Amino acid sequence: MKKRAQENPGAYNVSLSRIKDLPGHRRPREMALEVGVENVPDEVLLAILLRTGTSGRSVIDVARALLDRFKGSLSELAQASQTELAELEIPGFGPVKQIELRAALELGRRAMREPSARLPLMREPVHVRDLLETKTVRLNQECVWMLPLDQKYRLLRAPVEITKGILNASLSHPREIYREAIRLSAAAVIIVHNHPSGDPTPSAEDIATTRQLVETGRIIGIQLLDHVIIGGGRPSPAPYVSLRESGLVAFE
């Protein structure tokens, strides 16, 4: 878990001067905003949590001193008890900051342990059908959903409802489809819509729109993995058609 600043001395090395005297883009919060929290050294993340240093000692100095007491290891720091942190007697790292740090580390531990945080993989059309079947079974309007995926085709978040029409409304324009995908930095998307009639057979407009979406995805660098049409209706499991499996549209 080590990711100290000295591993990349030219990028994020912060001098021992007071943080307020540093240029804005070199301060911990500004650095994290500029390059992302995942790209800054451990001491900068700690400095953001600690917020302030002491007279003559910057918050970066305090963060580095704290890490040094645990041999630069975040995992060892995360295992320290309140008593162990108090015994460090580091100026600028009092009881309030100690408990705030332990709370932040505990949140991270709980997030890693939470199995429900991992959304499912969408590797087969039937996975898509199973995910959205309960949403489509009684709909009398045509709805369009976008499933944003990472590089391994795992959902980044719950399906995004793009439009809700009346009866047999047509698919959305590509800009509505891809706007949220771009915001989420999705590597790929799956488009899903329902046919309230219960017949999932794609229309000529479904096929034409899908081809347009494939081309748009190629231009912006987000793969359209599939377009799945779910028949809906009361019978379970609901029938569905994958335009990729059907060969009606070339997705590659």
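The values are calculated or read from the model by the stated rules, or taken from the named source; none is laboratory data. These numbers were taken from a predicted model, which means no experiment stands behind them. Neighbour counts are summed over all protein chains in view; Cβ atoms, including those assigned to glycine, are modelled from backbone coordinates with ideal geometry.
Observations, loosely collected:
- Of the residues contained in the stretch 89-100, one or more are found to be more than 30 Å from Gly217 (Cβ to Cβ), of a type in the set (Lys, Arg) and surrounded by 13 or more Cβ atoms within 10 Å (Cβ to Cβ).
- Residue within the stretch 67-76 that is in contact with a Ser or Thr (Cβ under 7 Å, 6 or more places away or on another chain) and in a helix (DSSP H, G or I) present: no
- Against the test of being outside the structural domain of Thr134 (by TED's automatic domain parsing) and surrounded by fewer than 16 Cβ atoms within 10 Å (Cβ to Cβ), the options Glu205, Glu252, Glu215 yield a single qualifying residue, Glu252.
- Residue check for Asp206: under 22 Å from Arg123 (Cα atoms), acidic (Asp, Glu) and under 27 Å from the mean Cα position of the chain (by Cα): no
- Among (1) surrounded by fewer than 17 Cβ atoms within 10 Å (Cβ to Cβ); (2) in the same structural domain as Gly198 (by TED's automatic domain parsing) - the single one Val137 does not satisfy: (1)
- Residue within the stretch 43-60 that is in contact with a Ser or Thr (Cβ under 6 Å, 6 or more places away or on another chain) and modelled with pLDDT of 90 or more present: yes
- Residue selected from the stretch 141-191 under the condition buried (at least 20 other Cβ atoms within 10 Å of the Cβ) and at pLDDT below 85, by the criterion nearest to the chain's Cα centre (by Cα): Ile177
Condition check ((1) within 19 Å of the chain's Cα centre (by Cα); (2) under 30 Å from Ile191 (Cα atoms)) across all residues:
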| residue | (1), (2) |
| --- | --- |
| Ser81 | no, no |
| Glu89 | no, no |
| Arg102 | no, no |
| Leu105 | no, no |
| Pro120 | yes, yes |
| Val128 | no, yes |
| Leu132 | no, yes |
